[in-house]
Amino acid sequence: MGSVEGEEELLIAQAEVWKLIHGYIDSATIKCAFELGIADLIHKNGGTISLSQLASGIVDPSHVDSAYLARLMRYLVRKQVFSQHEKIGEETLYGLTPKSRWLVTDSDTTLTPMVVLQNPSPLHAPPNGSVKEGGPWDKASQNPEFNNVYNHAMSCTAKLFMKALLPHYTDGLIDSIKTLVDVGGGTGTALAEVVKVHPHIKGINLDLPHVVAIAPDHAGVKHVGGDMFEDIPKADAVLMQRVLHSWGDNYCVKILRNCRKAMPEKGGKLILVEIVLKGDGSGSFGDVGLIFDMLMLFYTLNGRERTEAEWKALLKKGGFPRYKIIEIPALVSVIEAYPE
């Protein structure tokens, strides 16, 4: 009993550390809301506003993607910066809260000058999908020092998630899998953990050439430099850990279809390790999933965290009509999907 309680306490602590690491997301979203004039638009509209009204009221509505705006509002509602009301027709209405009343500019009690003072450099990209060219992957390919830091961080989290996954996902890895390709597997840390526990599996680690160039040797793991958008090595099963969340739906469909081509018609299996958001954006780690969704919004090319309904639709388009979700004691879940 004590060990279970200890494990739960550690998981809660892990969630809190994730929040501390990404604490700047709160200030970035407030700055974004201020620059878009969201509180002022709601105030001028009589206290409530729909998403479409909000999008059309922004200074340059042609540069606003409603889907991005909806995700921003979901996060800020969760943080009680704005309120969410019953739908009129198909649209949700948003309103002010005591917090956002301090963000109305034409008020004697506004705190918006402090927002500008404390956030002089924009930490976010505008909610229209435009981000720094290439994101962190291009930066890593051009900067060896950043490449090492980035790969070390990815390796750290990969190992963390594998420690949570392997004890709770034994059947899924043993069942008919002789070869397993880890797509976007970094320096092979996650795959090495799998092969260590299941030595009958032949591991293939696929990542960009500049990543595998510095990857250490792992017993039972072959490194392959390549591009998941072009081709994926053949295997009985494909593993992708926290890869698809970095990409928009169209990119994900292309990756998934390549995964589908890489595996056999009968018995093929896709193993995704991803956050599965609940409808309100929460998850087993509370707000941490939403924090990561804001990270994807700000720093990737249309990346996002997804709900089960969104994962289902994406998998179907990518050639995986059947799936099941396996909960593990971690921020992420296992989504096991099949091509038939």
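The values are calculated or read from the model by the stated rules, or taken from the named source; none is laboratory data. Note that this is a predicted model, so its numbers are computed, not measured. Glycine also receives a Cβ, built like all others from the backbone with ideal geometry; neighbour counts cover every protein chain displayed. Only protein heavy atoms, including side chains, enter the accessible area calculation; ligands, DNA and RNA are left aside. Shrake-Rupley method; radii C 1.70, N 1.55, O 1.52, S 1.80 Å.
Hull volume per residue, based on the alpha-carbon atoms of segment 219-340 and their convex hull, is 117 Å³.
In this simple spin-label approximation, Lys317 and Lys44 carry label points 7 Å from Cα along the Cα→Cβ vector, and these lie 3.4 nm apart.
The share of accessible area on the chain that comes from carbon and sulfur is 56 percent, using a 1.4 angstrom probe. Mean separation of Cα pairs under 8 Å and 6+ residues apart, divided by the residue count of the chain: what relative contact order is that in percent? Relative contact order comes out at 15 percent.
Positive-end ranking of Ala70, Val197, Met154 along the dipole of the chain, with charges on Cβ about the Cα centre, is headed by Val197. Mean sequence separation of contacting Cα pairs (under 8 Å, at least six apart), scaled by the length of segment 195-332, corresponds to a relative contact order of 22 percent. The angle between the Cα long axis of helix 288-299 and the main principal axis of the chain comes to about 80°, on a 0 to 90 degree scale.
Only helices enter this figure: runs of n ≥ 4 DSSP H residues, each worth -39500 (n - 2.57), summed and divided by the residues of the chain, yield -13500 deg cm²/dmol at 222 nm to the nearest 500. Given a 1.4 Å probe and the protein chains as shown, Trp18 ends up with an accessible area of around 30 Å². Against the chain, whose longest principal axis comes from its Cα atoms, helix 2-21 is set at around 60 degrees.
The length gained by stretching the chain between Asp60 and Lys196 to full extension, at 0.36 nm per residue less their Cα-Cα distance, is 43.6 nm. Rounded to whole Å, the principal axis extents of the Cα atoms in segment 6-116 read 50, 35, 27, largest first.
Here the calculated FRET efficiency for His210 and Gln53, from their Cβ-Cβ distance with R0 = 30 Å, stands at 0.05, rounded to the nearest 0.05. For Tyr338, the accessible surface of its heavy atoms amounts to roughly 30 Å² (probe 1.4 Å, protein chains only, rounded to the nearest 10).
Stretching Glu265 away from Lys159 to a fully extended chain increases their span by 35.1 nm, per 0.36 nm per residue minus the current alpha-carbon distance. Close amide H contacts of Phe82 (hydrogens built in the peptide plane, cut-off under 5 Å, sequence separation of 5 or more or a different chain): Val77. Our compactness index for segment 171-291, the C-alpha radius of gyration over the empirical 2.2 N^0.38 Å, is 1.09.
Rounded to 0.05, the FRET efficiency of the Ala309 and Asp217 pair, given R0 = 51 Å and the Cβ-Cβ distance, is 0.75. Here the peptides 324-334, 290-300 are ranked by packing, the mean other Cβ count within 10 Å, and the order with the highest first is 290-300, 324-334.
Using the Cβ-Cβ distance between Glu230 and Asp108 with R0 set to 41 Å, the FRET efficiency works out to roughly 0.10.
Protein heavy-atom accessible surface, 1.4 Å probe, per residue over the chain: 49 Å².
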